[in-house]
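See structure below.
The values are calculated or read from the model by the stated rules, or taken from the named source; none is laboratory data. All figures in this text were calculated on a predicted structure; none of them were measured in a lab. In this analysis, Cβ positions are derived from the backbone assuming ideal geometry, glycine residues included, and neighbour counts consider all displayed protein chains.
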Amino acid sequence: MGKLYLVPTPIGNLGDISPRAAETLASADFIAAEDTRVTVKLLNHLGLKKPMVIYHRHNCDAAGPAILDRLLAGEDCALVTDAGTPAISDPGEDLVALCARNGVPVESIPGPCALTVALSASGLPTARFVFEGFLPTNKKNRRARLEALAGEERTLVLYEAPHRLRDTLADLADALGGDRPVSVCRELTKLHEEIWRGALGEAKARWAAQEPRGEFVLVIAGAPRGEEVPPDEAAALQSVEELRAQGLPLKEAAARAAACFGIKKRRLYELALGKDETAD
Ligand code: SAM
């Protein structure tokens, strides 16, 4: 039985190919690549020559089972995409699932991924985050997704293509509010790397005035935590009085009102006791 290796490749800086990634490419029996023209440049840089097969979004239904057959027959395959970590908003997810279903071991080599590069440099909270990949392009699905994300308290990370950046910033500002902090991470690991920090409304204005160029990751602060509304004790006491006027004993009146107003039974009872001279 062979093994499927997931080999991350640089997202802009060739120096980011790790020794282990290079060794894995060198020792695999064949490479499955998203675009062989892109991968051949990397192999030339590493001084490697390898048999390659194409594995991308549009041929994965046929290419996946063919790769699986070779793995089951004992060959090792290194899966690469054009840049970054396979299976992260890139082909690979289905192949990994296919291998998992068929008992083929999968080994993921750690390495470049635009998501982690952007998040770690964003300056926004990193302890809890949600990766959304690309937002849907279909209007209805996009609106539904944005609505679902508006109240999300964890940091959001999105990928976006330059020609969609303006619309996406505008939609995000509408859905999440123009004041929401954002880090727009552009051309990471490349010569013109830029991490722009500001509010969504400002980002929208900036890229409306300036043509978006290069590759972008958006890291957006989560929604502010819902302020806890303190229970309305005065209204709860008023309710206790009304229930008392209907003939309920104080304890029962306090219990009922406490449940309605989200107050502890005992607390409301004691408050009411202080006011109620006819307490039983
Ligand atoms: N699998 C890749 C990874 O691990 O990052 C992501 C592939 S996805 C098809 C391509 C998207 O990743 C781009 O549209 C952009 O949002 C983001 N991206 C890739 N390289 C980038 C870079 N150098 N700077 C900023 N964003 C980048």
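Structure summary
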item: Long-range neighbours under 9 Å by Cβ, at least six apart or interchain, first residue among the acidic types (Asp, Glu) within segment 144-156, second modelled with pLDDT of 95 or more; result: Glu147/Ala175; Glu152/Val130; Glu152/Leu176; Glu152/Gly222; Glu152/Ala223; Glu153/Arg128; Glu153/Gly222; Glu153/Ala223
item: Residues satisfying the stated conditions in segment 116-143, i.e. without any contact (Cβ under 8 Å) to a residue 12 or more places away in the chain and either outside any helix (DSSP H, G or I) or closer than 23 Å to Ile11 by Cβ (or both); result: Thr116, Ser120, Ala127, Pro136, Asn138
item: Test: residue in segment 25-46 that is among the small types (Gly, Ala, Ser), within 15 Å of Asp82 (Cα to Cα) and in the same structural domain as Ser89 (by TED's automatic domain parsing); result: yes
item: Out of Leu48, Leu71, Leu42, Leu25, sole residue that is hydrophobic (A, V, I, L, M, F, W, C), more than 20 Å from Gly133 (Cα to Cα) and in a loop (DSSP other than H, G, I, E, B); result: Leu48
item: Matching residues, segment 193-251, being farther than 28 Å from Ile88 by Cα and basic (Lys, Arg); result: Arg206, Arg225, Arg244, Lys251
item: Restricting segment 5-19 to residues that are in a strand (DSSP E or B) and hydroxyl-bearing (Ser, Thr, Tyr), the residue that is nearest to Asp94 (Cα to Cα); result: Tyr5
item: Among residues of segment 43-70, those that are surrounded by 12 or more Cβ atoms within 10 Å (Cβ to Cβ) and in contact with a strand residue (DSSP E or B) (Cβ under 6 Å, 6 or more places away or on another chain), counted; result: 5
item: Answer residue from segment 217-234, given it is more than 37 Å from the chain's Cα centre (by Cα) and surrounded by 13 or more Cβ atoms within 10 Å (Cβ to Cβ) and is nearest to Asp171 (Cα to Cα) among those; result: Asp232
item: Filtered residues of segment 128-150 (kept if under 13 Å from Ala221 (Cβ atoms) and either more than 16 Å from the ligand (Cβ to nearest atom) or not aliphatic (A, V, I, L, M) (or both)); result: Arg128, Phe129, Leu149, Ala150
item: Candidate set from segment 151-189 (those that are in contact with a Leu (Cβ under 9 Å, 6 or more places away or on another chain) and among the β-branched types (Val, Ile, Thr)); member that is farthest from the ligand (Cβ to nearest atom); result: Thr155
item: Subset of segment 189-208 (residues that are without any contact (Cβ under 8 Å) to a residue 40 or more places away in the chain and among the polar types (S, T, N, Q)); result: none
item: Selection status of Arg37, among the charged types (D, E, K, R), under 32 Å from the mean Cα position of the chain (by Cα) and farther than 24 Å from Asn13 by Cα; result: no
item: Qualifying residue in segment 201-211 (condition: of a type outside the set (Asp, Glu), modelled with pLDDT of 90 or more and within 16 Å of the ligand (Cβ to nearest atom)); result: yes
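A quick yes/no check of all residues on (1) outside any loop (DSSP other than H, G, I, E, B); (2) within 13 Å of the ligand (Cβ to nearest atom); (3) more than 30 Å from Arg186 (Cα to Cα); (4) not polar (S, T, N, Q):
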position: His58; (1), (2), (3), (4): no, no, no, yes
position: Pro65; (1), (2), (3), (4): yes, no, yes, yes
position: Leu98; (1), (2), (3), (4): yes, no, yes, yes
position: Gly103; (1), (2), (3), (4): no, no, yes, yes
